[in-house]
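Below you'll find the structure, written out as structure tokens, and then a few comments.
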Amino acid sequence: MMKPLHLPAAAIAVIGLSTSKTSCSAFTIVPSHTSSIAQPISLTRSRLQTTSSIQSTTSDETESSPAKKYVIIGGGWAGWGAAKALCESSTIQTHNITLIDALPDPTGATPYLSSTGKPVEAGTRGFWKDYPNINKLCAQLGIDEDEVFTPFTNSSFYSPDGLEATAPVFSEATVGSILGDVPLVGDVIKNAFGGGGIGEKKEEFPMLPSPLGQVIATIPYFERLPIADRASMVGLLLATIDCLAGDEKVQAAYDRMTAHELFLKFRLSERLVEDFLKPTLLVGLFKPPEELSALVVMELLYYYALAHQDSFDVRWIKKGTVSDSLIQPLAERLVQEEYGQLNVMGGCRVKEVSLEQSEIDGKMHASKLTYLDTKSGQMETIEDIDGIIMAVGNQGMSSIVTSSPDLAKFPVFSKAASLKGIDVISCRLWFDRKVSTRSPANVFSRFDALRGAGGTFFMLDQLQEDSPELWGDDTPQEGSVVACDFYNAGGLMSLSDEDLVKILTDELLPSAVTKFADAKLVDSWVGKYPGVVSWFSPGSFDKRPPLEGAGTDVLPNIKCAGDWVRMGEREHGAKGLCQERAYVSGFEAANSLLKSTCEEEFQPHEVLPVREDEAQFKMGMELNRKVMQYVPRFWTR
Ligand SMILES: Cc1cc2nc3c(=O)[nH]c(=O)nc-3n(C[C@H](O)[C@H](O)[C@H](O)COP(=O)(O)OP(=O)(O)OC[C@H]3O[C@@H](n4cnc5c(N)ncnc54)[C@H](O)[C@@H]3O)c2cc1C
């Protein structure tokens with residue numbers, strides 16, 4: 001049916017190398033007895049109550065059976081979203097679905113430990129108000145959200161001058177909690193809302209049309225930034241409406257601009273940019289405004305701050321990590337026969353994806369992939385593939401496309417492979433005493449010691465109260481456990497772990513919260529991750545991989561998923577570096593793959609939209625469209 005277009009020497013070599021046994025991960029290995037093709041391994045029943053054998057689809061079987069052989073490359077949120085959608089898609093029979101990842105155990109079942117046996121995580125991740133699909137996942141897995149997530153928490157910004165601002169929590173706020181301590185101004189506003197005891201309802205901070213509530217709340221919560229500087233933010237509101245209301249051409253023009261240029265053109269005050277927007281972007285999109293696409297910055301500001309009064313409300317994992325709290329239960333479910341019998345292959349780095357040309361429709365099709373089993377050091381292959389979802393980030397894309405001449409021929413893949421990623425560093429510090437802070441989640445802003453990086457610190461002993469597990473095998477101590485992340489960390493990458501820890505304990509933490517100066521460090525861990533995070537650089541929009549890959553007309557059975565993927569008509573409201581976005585992109589990629597490859601009826605995975613735009617934004621965008629028919633957009637290029 002298919003004729004090989006191109007079979008590189010490396011691929012021929014690996015076919016010869018295929019062994020009857022793989023040892024890709026820490027999981028039990030299932031020997032292949034059907035062919036010489038390397039077989040995916042399954043999580044075992046002893047560990048995850050799953051299958052004792054692997055479905056194997058040979059070419060012959062494909063002809064007599066509608067079951068398809070799908071491979072998902074990448075086991076982040078996007079890969080797991082895709083796996084869920086594929087596993088739940090068939091009403092007729094189970095497809096042969098494999099998720100393959102370079103990490104030793106992408107299922108979250110094996111905790112990451114420091115060298116002293118304490119649990120660590122590559123970055124602390126928050127869950128914002130509008131994550132409807134992740135919330136639904138909790139319901140589907142029977143997980144009580146209050147058991148997995150903390151309540152929505154405040155976040156504080158610290159600079160060398162001290163506390164700069166604290167973001168309030170709107171969804172659970174009362175008039176008193178938002179405006180309580182503010183003399184004079186607070187009282188005036190409280191009275192205007194009728195707060196102060198006239199009735200219980202009145203005590204709740206009212207949901208106001210956005211961004212009115214946010215503006216009012218910033219009156220008491222900015223400690224230093226003068227009101228005139230804050231007022232200059234209005235220019236950004238206008239730009240956001242113009243950008244988001246625009247068509248593809250308009251958005252491409254905004255994408256070519258840096259956010260910094262946009263801030264200048266819309267006359268935002270220098271102090272607002274330096275003291276607030278720059279640190280916010282450094283921790284939101286992991287780059288300063290001069291290195292970011294204005295389009296993505298406005299998408300982000302709208303989604304996380306402007307769309308609704310409580311859009312910025314964020315909560316955190318209450319116990320353990322994202323992997324063990326959410327991914328592990330999902331993985332446990334999907335490997336079960338009744339939920340799709342997913343095969344998971346950890347410790348397997350995909351090298352080459354090979355294509356063939358169909359004699360029937362003349363289109364190219366992915367049919368085989370080659371991977372390095374990092375445990376055995378052997379190259380292995382998976383053949384007779386019906387569809388692939390590439391749920392890898394920029395680094396994975398670059399390495400796969402570089403080793404895949406067939407893929408590199410398609411500009412969408414070679415352009416995506418050219419995008420660079422951002423360095424991050426995660427640290428965890430264990431102290432001998434508890435340090436109390438104004439809020440559990442905190443941002444470092446404008447410190448010279450950051451060397452251009454953004455920084456955050458999370459008080460895990462506050463977020464994960466009563467969790468002796470934070471101390472691993474050590475006798476749990478009474479002290480604080482602090483997770484610190486550096487983003488855009490290029491200027492810090494060359495420092496030794498000891499020097500990084502010293503910067504935190506001697507400079508950053510005590511400058512933000514003086515009580516850290518009295519706390520003694522008991523243990524520390526540092527993880528460095530060069531170039532792993534999607535970088536939404538100016539002009540990158542056109543290079544980011546489309547969900548549809550090279551397109552259904554030319555290469556129907558490779559789709560892309562991940563936070564950096566352009567979803568086109570299927571675009572979702574969740575934006576930026578965002579777990580919800582990555583997860584949803586996995587659903588969409590799987591739905592699209594099934595549509596392109598599955599002759600049988602299938603059940604597309606449901607995608608929940610984020611909350612609807614508020615009326616004033618809809619009206620603003622409509623008005624903008626009308627006005628901009630007559631006004632030249634001289635500020636973009
Ligand atoms: C430090 C940090 C903090 C963050 N904070 C937040 C937050 O607060 N809130 C939020 O919503 N989001 C946050 N994010 C962003 C969020 O984590 C990402 O947007 C999301 O996890 C991306 O998921 P993904 O599946 O697209 O990519 P990834 O999670 O990067 O998954 C890609 C997978 O592909 C695998 N892979 C790559 N190459 C290969 C190969 N050749 N073969 C096999 N496997 C391969 C990798 O091992 C990886 O597991 C943060 C990210 C970081 C790094």
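No lab work stands behind these numbers, since they all come straight from the coordinates. None of these values were measured; they are calculated from a predicted model. A quick note on method: Cβ atoms are made from the backbone with ideal geometry, for glycine too, and the neighbour counts reach across all protein chains shown.
Before moving on, here are some points about what is shown:
- Peptides 439-446, 262-269 ordered by average Cβ neighbours within 10 Å, highest first: 439-446, 262-269
- Rounded to the nearest whole Hz, the Karplus-based 3J(HN,Hα) values (6.51 cos²θ - 1.76 cosθ + 1.60, θ = phi - 60°) of the stretch 371-384 follow the sequence 9, 9, 7, 5, 7, 8, x, 8, 8, 10, 10, 10, 10, 6, with x at glycine and proline.
- Neighbour-count order for Thr475, Thr505, fewest beta carbons within 10 angstrom listed first: Thr475, Thr505
- Going by neighbour counts of Cβ atoms within 10 Å, the residues Ser596, Ser171 line up, fewest first, as Ser171, Ser596.
- Most to least packed among 284-293, 551-560 [average Cβ atoms within 10 Å]: 284-293, 551-560
- Computed from label points 7 Å out along Cα-Cβ, the spacing between Val631 and Met619 is 1.8 nm.
- Once both labels are positioned 7 Å from their Cα atoms along Cα-to-Cβ, the gap between Tyr339 and Ile219 label points is 4.9 nm.
- Peptides 67-77, 486-496, 315-325 ranked from most to least packed by the mean count of surrounding Cβ atoms within 10 Å: 67-77, 315-325, 486-496.
- Sequence of His260, His308 once ranked by neighbouring C-beta atoms within 10 Å, starting from the fewest: His260, His308
- Spacing of the modelled spin labels on Asp506 and Arg611, each 7 Å from Cα toward Cβ, amounts to 4.7 nm.
- Put simply, the convex hull of the Cα atoms in the stretch 391-521 casts, on average, a shadow of 10.5 nm².
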